[in-house]
């Protein structure tokens, strides 16, 4: 099976067969699995053995002081997200110490992969393979998810063949408790500290709005500062889409591409205005993402 699946396929209802809902998910699995790959990795890691710090131990075993290098092997799963460019999404922990990465497609082609970039904090890595006849799995729209939606997980975790399991979406909008993250993604920044609009804050600001994100502080020299945002501005929409909480503003910013501009609808002194702010990159991300 080659080509690219329609983007409408992601998040679509379970199709019907003969006018009735399918009794099996096999047809759906058959369309997705060509885009799921196995990943095998060989690498080297350096280990500091505390015993090597003991001069008597080193002398007895005729060892030199310093870290020990050992070879490692790892296996994992990946998803082809761009068939034309050969981009594969996988986990950072699978490839972080890699010196050689190999991708195995469903039709048993073994392809050498190149590491394009990785982010340890979100445990995401992007690989690239050079091959034709690939099938990509389309990205879904997380905003369309609802609690109770039926979901499938397809992978090749141990390099022994693809596996499929199913479940339902049990909750939305959960925060993992990681500093700087909401809903698992919070990567871009505009340089503000924010808080939810409460009745007391609304009264203090003299606004009739009951929902939104209040800017509590603007970082000097940040994109927000350069765009003219001020403390006590009330953000009520991003790119025309209303927001209700500070977490929603964080997510909208975090999901925007670095370098893109977003239009923030704000309330200041009772007047509504739109401010364009360019998305910047968090400092930690600049240090941790490795590009090749």
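So the values come out like this:
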read-out: Residue within segment 28-46 that is out of contact with any helix residue (DSSP H, G or I) (no Cβ under 9 Å at 6 or more places or on another chain), modelled with pLDDT under 85 and more than 30 Å from residue 162 (Cβ to Cβ) present; value: yes
read-out: Some residue of segment 60-72 being modelled with pLDDT under 90 and surrounded by 17 or more Cβ atoms within 10 Å (Cβ to Cβ); value: no
read-out: Matching residues in segment 74-88 - criterion: being crowded, with 17+ Cβ neighbours inside 10 Å and either closer than 19 Å to residue 35 by Cα or not assigned by TED's automatic domain parsing to the domain that holds residue 115 (or both); value: 76, 77, 78, 79, 80, 83, 86, 87, 88
read-out: Residue 194 being buried (at least 17 other Cβ atoms within 10 Å of the Cβ), modelled with pLDDT under 90 and not in a helix (DSSP H, G or I); value: yes
read-out: Subset tally (residues that are surrounded by fewer than 14 Cβ atoms within 10 Å (Cβ to Cβ) and touching a residue at least 24 places away in the same chain (Cβ under 8 Å)) for segment 102-116; value: 2
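The values are calculated or read from the model by the stated rules, or taken from the named source; none is laboratory data. These numbers come from a predicted model, not from an experiment. Using ideal geometry, Cβ is built from the backbone for each residue, glycine included, and neighbour counts are taken over all protein chains shown.
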